[in-house]
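Below is one structure, written out as structure tokens; comments come after it.
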Amino acid sequence: MSHPGSILIVDDERSMRDFLRIALQRSGHTVELAESPAAAHVAYTANEYDVVLTDLNMPGGSGLDVLDGVKAARPHTQVIVITAFASTETAIAAMKRGAYDYLTKPFKIEEIGVVIERAMEKRTLVRDNIELRAELQGRFRLDRIVGKSPVMQRIFDLVKKVAPAKTSVLLSGESGTGKELVARALHNLSPREKGPFVGINCGAIPETLLESELFGHVRGAFTGAVADRPGLFAAADGGTIFLDEIGELGSQMQVKLLRVLQERTVKRVGGTSEEEFDFRVVAATNRDLEAEVERGAFRRDLFYRLNVIQLHLPPLRARREDIPFLVEHFARKHGAALGHPIAGVDPDAMAVLCDYDYPGNVRELENIIERSVTLETGERITRAALPDLTPRRRAEASAVTPAVPAEWPPEGIDLERVMNEFERDLVLKALQHSQNVRKAAARQLGISLRSLRYRLAKIGMADEEDTES
């Protein structure tokens, strides 16, 4: 035998145990013995063997008990059943329950050698596949971000390049595309990883309170300010501050934030002195900030201060090759969290998941998988466990007018999705009209070429030059 390994022999007859031990040790294998299913249980729960060789009929239990126990505790260990001629039907049934093969008494030592050799080869193949899968998962992951598509691999490369610097980064993309995960990756892969990561949603806090949240206040600065309080910039000293939905800031807060970014100092509300802090700024938005600058809704100088490096995260519908990979990732994650291990996804369920457009992007996909794992009773996610996912892929619209429902639906509409689809149709029409000449299409739309590139990236039509710019 060319592949020695570790083998557990389970048999109630001492003579059979000794015979097999001597024969297998001569072939270079490490052999341990168990005289009963109970003794075998102690052995395989404490140690992992390449092969378990077990008799089928034993007092105090059977080889089927050993088989079931090994498969539950060590699913990649190969089990070979030894049986008398009269019980071959039971042995075949054992194979259906996961046994690798069976041997019928009486047998020749050469026969044992061939079967064990093949079992060892399968065990090696399983181990190699596990290692390869782990390697692939590592290759297609960045911190907690998952993606194997070319566009995500380019983003991973850019994050690795940008992370060590102190440079400000602007993350753009639709809601649910993972902007906060990228912000955390920039922090975790930087020299600041041991410092704090402080995040705030600028659109979730009234502007009258946002200034105090960001910059802090002194006692008596306003009603309710009963004590001095440091702000989030102070809390982020030595680390990273993540300003989510930066496009929601009002004009006054934009001015104050610009000053902080320029001077790297903060003055608390009601205070008189400046405090200097060391922080890195990562901002995020689901708006086209360049378009907001052009129409006067966002300060140009603040935009340039934030937009030193821009990373655009594509919507999930623009990187469909990532969907199966994300499905498996979330199934493992939530299966483990819920104590309900998921072995995989049925092909018809995966087809439905891959055909859906995910207006909520990766966040929506994760919610769908968490729900499916909760409702699924088996080891695989089936179509029955999925919610109704009507395919939302749309052919290129023949008109350039957004569809307004004749009767307002009681559940309302997704305004952001409707407007995104309308924008997509206009961009595609302009490209068609200009024979795909981008400068001409931008002129047709009355926007800059850079703004057109941003919109193309949003709908998954950016080339490599657009992505890196």
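The values are calculated or read from the model by the stated rules, or taken from the named source; none is laboratory data. Remember, it's a predicted structure, so these values are computed and weren't measured experimentally. Note that each Cβ is placed from the backbone with ideal geometry, even for glycine, and that neighbours are counted across all protein chains shown.
Please tell me if residue 102 is in contact with a helix residue (DSSP H, G or I) (Cβ under 7 Å, 6 or more places away or on another chain) and assigned by TED's automatic domain parsing to the domain that holds residue 125.
In short, yes.
When you look at residue 231, is it among the small types (Gly, Ala, Ser) and surrounded by fewer than 22 Cβ atoms within 10 Å (Cβ to Cβ), yes or no?
no
Can you confirm whether residue 242 is under 29 Å from residue 450 (Cα atoms), assigned by TED's automatic domain parsing to the domain that holds residue 164 and touching a His at 6+ places or on another chain (Cβ under 9 Å)?
Details: under 29 Å from residue 450 (Cα atoms): yes; assigned by TED's automatic domain parsing to the domain that holds residue 164: yes; touching a His at 6+ places or on another chain (Cβ under 9 Å): yes.
So residue 242 fits the description; yes.
For region 189-264, which fully contained helices (runs of 4 or more DSSP H) count at least 3 residues that are farther than 20 Å from residue 282 by Cβ?
By residue number, 207-215, 251-263.
Could you list all residues from region 57-85 that are surrounded by 16 or more Cβ atoms within 10 Å (Cβ to Cβ), within 20 Å of residue 14 (Cα to Cα) and in contact (Cβ under 8 Å) with a residue 40 or more places away in the chain?
58, 63, 66, 82
Inside region 323-349, can you point out the residues that are of a type in the set (Asp, Glu) and under 24 Å from residue 72 (Cβ atoms)?
Once the filter is applied, which keeps residues that are of a type in the set (Asp, Glu) and under 24 Å from residue 72 (Cβ atoms), region 323-349 yields 328, 346.
Tell me which residues, restricted to region 313-344, are loosely packed, with under 14 Cβ neighbours inside 10 Å and in a helix (DSSP H, G or I).
321, 336, 337
Which members of region 338-368 meet the condition of being small (Gly, Ala, Ser) and either under 11 Å from residue 324 (Cα atoms) or at pLDDT below 90 (or both)? Reasoning before the result, please.
So in region 338-368, the residues small (Gly, Ala, Ser) come out as 339, 343-344, 349, 351, 360.
Within region 338-368, 339, 343, 344, 349, 351 qualify.
Residue 31 fails exactly one of the following numbered conditions: (1) under 30 Å from residue 341 (Cα atoms); (2) without any contact (Cβ under 8 Å) to a residue 40 or more places away in the chain. What is the number of that condition?
(1)
Find all pairs meeting these conditions: Cβ atoms under 9 angstrom apart; at least six residues apart or on different chains; first residue within region 348-377 and touching a residue at least 40 places away in the same chain (Cβ under 8 Å); second residue buried (at least 21 other Cβ atoms within 10 Å of the Cβ) and among the basic types (Lys, Arg).
Every condition considered, no pair remains.
What pairs come up if the first residue lies in region 314-333 and is β-branched (Val, Ile, Thr), the second is assigned to a helix (DSSP H, G or I), and their beta carbons are under 8 Å apart, counting only those six or more places apart or on different chains?
These pairs meet every condition: 323/316; 323/353; 323/354; 323/365; 327/350; 327/353; 327/365; 327/369.
Name every residue in region 361-393 that is crowded, with 19+ Cβ neighbours inside 10 Å and under 20 Å from residue 458 (Cα atoms), in order of residue number.
361, 362, 365
Can you report the number of residues in region 422-462 which are at pLDDT 80 or above, in a helix (DSSP H, G or I) and not aliphatic (A, V, I, L, M)?
Residues flagged as at pLDDT 80 or above, in a helix (DSSP H, G or I) and not aliphatic (A, V, I, L, M) within region 422-462 amount to 14.
Per-residue answers, yes or no, for (1) in a loop (DSSP other than H, G, I, E, B); (2) assigned by TED's automatic domain parsing to the domain that holds residue 107; (3) at negative phi; (4) among the basic types (Lys, Arg):
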position: 18; (1), (2), (3), (4): no, yes, yes, no
position: 21; (1), (2), (3), (4): no, yes, yes, yes
position: 53; (1), (2), (3), (4): no, yes, yes, no
position: 67; (1), (2), (3), (4): no, yes, yes, no
position: 75; (1), (2), (3), (4): yes, yes, yes, no
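Is one or more of the residues making up region 79-87 within 24 Å of residue 4 (Cβ to Cβ), assigned to a loop (DSSP other than H, G, I, E, B), modelled with pLDDT of 85 or more and in contact with a helix residue (DSSP H, G or I) (Cβ under 7 Å, 6 or more places away or on another chain)?
No, the conditions are met nowhere in region 79-87.
Restrict the check to region 358-365 and report whether at least one residue is assigned to a loop (DSSP other than H, G, I, E, B), farther than 23 Å from residue 178 by Cα and not assigned by TED's automatic domain parsing to the domain that holds residue 174. Before you say what the answer is, go through the steps one by one.
Initial filter on region 358-365 (assigned to a loop (DSSP other than H, G, I, E, B)): 358-360.
Of the ones still in play, those that are also farther than 23 Å from residue 178 by Cα are none.
Looking for residues that are assigned to a loop (DSSP other than H, G, I, E, B), farther than 23 Å from residue 178 by Cα and not assigned by TED's automatic domain parsing to the domain that holds residue 174, one finds none in region 358-365, hence no.
Does residue 293 satisfy the criteria of being outside any loop (DSSP other than H, G, I, E, B), in the same structural domain as residue 252 (by TED's automatic domain parsing), crowded, with 16+ Cβ neighbours inside 10 Å and out of contact with any Pro (no Cβ under 8 Å at 6 or more places or on another chain)? So that I can check it myself, show each step before the final result.
Details: outside any loop (DSSP other than H, G, I, E, B): yes; in the same structural domain as residue 252 (by TED's automatic domain parsing): yes; crowded, with 16+ Cβ neighbours inside 10 Å: yes; out of contact with any Pro (no Cβ under 8 Å at 6 or more places or on another chain): yes.
So residue 293 passes the test.
Can you name every residue in region 91-118 that is part of a helix (DSSP H, G or I) and under 38 Å from the mean Cα position of the chain (by Cα)?
The initial filter retains those residues of region 91-118 that are part of a helix (DSSP H, G or I), namely 91-96, 109-118.
Listed by number, the residues that qualify are 94, 95, 96, 118.
In region 16-44, which residue that is within 18 Å of residue 123 (Cβ to Cβ) and of a type in the set (S, T, N, Q) is surrounded by the fewest Cβ atoms within 10 Å (Cβ to Cβ)?
Selected residue: 30.
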